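What follows is one structure encoded as C-alpha cells, with my remarks underneath.
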Amino acid sequence: MVIGLPEPTYRGGQNKKAAELRIFDKTIAIVGSEAFVNHVTRALSLLQSKSSSGYPIVKKYIGKIREGTTSGMYAYYNPPTFQMSAKEALLNESNRDYALQWCASVIVHDAYHSKKYHDYQKVHGHPRGRRPYPPMYVWAGEAVERECLGFQRKFMLRLGRMKRFANT
C-alpha cells in the first residue's frame, strides 16, 4: 500500500488561492502556489540550459514537482513525484539568484534518488511473491544520500557557485 502525499498547505487565510498547475517541457507537472510554480519553472529552465548531465535525469525521473509542507521524493508514484516545501524552494529570497540555483540543485538531488530507485527496478523488476519496491538502502539512506549530494555538488560547481558547498 502506498500512502498518499499530504496535501500542500499554503500561507494566507481568506486570500488562499487554488493550486496552480504548469507543465514544463511537456513532461514535468508543477503544482503549487503561484510563487512556487513560477520559481520552480525558473529553476527547471536553469537546469535545462546549464546542466547537460542533470536535466536529462530530472526529465526522466521526476514527473511531478508538488508544493508541500515537507520535502521528499516519492519515486514509487506514477509519475515519480518530488514534494518540495515552499521554504526549501524559495530559500533565501533576499538573494534570488542563489535561491534559484539552490532550488535547481535540490531538484537534481532528488531526481538522483528517483534514478537509483528506477535503475534497480529496471534490473530486478517485481519478482513474483516478493516485495514490489526496491529495498530502502538502494535509493535512500546514508550511502545513497552521499551519492545524491555528490551529484548536487557537481551541478553547483558547474554554476561556479557555493564555494562553501564545494568544501564539504
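Points to keep in mind about this one:
- Flag if A89 is among the small types (G, A, S), buried (at least 16 other Cβ atoms within 10 Å of the Cβ), in contact with a Cys (Cβ under 9 Å, 6 or more places away or on another chain) and at pLDDT below 95: yes
- Exclusive hit being in a helix (DSSP H, G or I), at pLDDT 95 or above, surrounded by 15 or more Cβ atoms within 10 Å (Cβ to Cβ) and not acidic (D, E), set A111, A99, A104: A111
- Residues in the range 56-78 that are outside any strand (DSSP E or B) and modelled with pLDDT under 95: T69, T70, S71, A75, Y76, Y77, N78.
- Long-range neighbours under 7 Å by Cβ, at least six apart or interchain, first residue charged (D, E, K, R) within the range 142-158, second assigned to a helix (DSSP H, G or I) and surrounded by fewer than 19 Cβ atoms within 10 Å (Cβ to Cβ): R153/F165; R153/A166; R158/K50
- All conditions but one from (1) in a helix (DSSP H, G or I); (2) buried (at least 18 other Cβ atoms within 10 Å of the Cβ) apply to H118; the one that does not is (2).
The values are calculated or read from the model by the stated rules, or taken from the named source; none is laboratory data. Keep in mind it's a predicted model, so treat the numbers as computed, not measured. No Cβ is skipped: glycine too gets one built from the backbone with ideal geometry, and neighbour counts run over all protein chains shown.
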